[in-house]
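Undergrad: Input: one structure, supplied below.
The values are calculated or read from the model by the stated rules, or taken from the named source; none is laboratory data. These numbers were taken from a predicted model, which means no experiment stands behind them. Here Cβ is always computed from backbone atoms with ideal geometry, including for glycine, and neighbour counts include all displayed protein chains. Surface accessibility is based on the protein's heavy atoms, side chains included, excluding ligands, DNA and RNA. Shrake-Rupley method; radii C 1.70, N 1.55, O 1.52, S 1.80 Å.
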Amino acid sequence: MAGMTVLAAAPVRLGGGAAFDVSSTRIVGALLLCLMLAALAAVLLKRGGGRLVPTGRAGRRIAVVESRRVSAHADLCLLRCDDREYLVLSSAAGQQVLRSEPATEPTP
């Protein structure tokens with residue numbers, strides 16, 4: 001082996017691909033675009049009450065008129081549905097309708 005020159009092998013990039021060359025302007029632009037989209041989604045969620053597409057109130061038939069806590073484990077709720085009012089006791093043991101009668105005021 002006298003007289004032979006040994007050359008070191010050139011290092012190979014992992015995956016064998018070329019260098020990843022993206023300008024910092026494109027990175028900052030993509031970040032700004034994502035932040036604007038996130039802000040827009042947050043505004044839409046806030047205005048829509050947790051939904052991206054706000055729904056109208058005209059189609060709603062059920063309304064909670066009033067709700068009171070009567071004990072640590074029970075609530076008393078006055079509900080209105082289709083121009084009828086229901087007084088409902090809701091507890092850990094279950095729900096019970098205490099009173100059902102026609103509503104005195106129309107549903108808004």
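Undergrad: In terms of modelled amide H atoms, which long-range or inter-chain residues lie less than 5 Å from the amide H of ALA103?
TA: It is ARG84, GLU85, by chain and number.
Undergrad: Full extension from ALA63 to ALA92: what is 0.36 nm times the residue separation minus their Cα-Cα distance, to one decimal in nm?
TA: Working: separation 29, 0.36 × 29 = 10.44 nm, distance 2.23 nm.
Taking ALA63 through ALA92 to full extension adds about 8.2 nm, to one decimal.
Undergrad: Express the accessible area of segment 66-108 per residue in Å², computed with a 1.4 Å probe while the remaining protein chains stay in the model.
TA: Counting only protein heavy atoms, the per-residue value for segment 66-108 is 73 Å².
Undergrad: Go through 83-95, 21-33 and give me the packing order, highest mean Cβ count within 10 Å leading.
TA: By packing density, highest mean first, the sequence is 83-95, 21-33.
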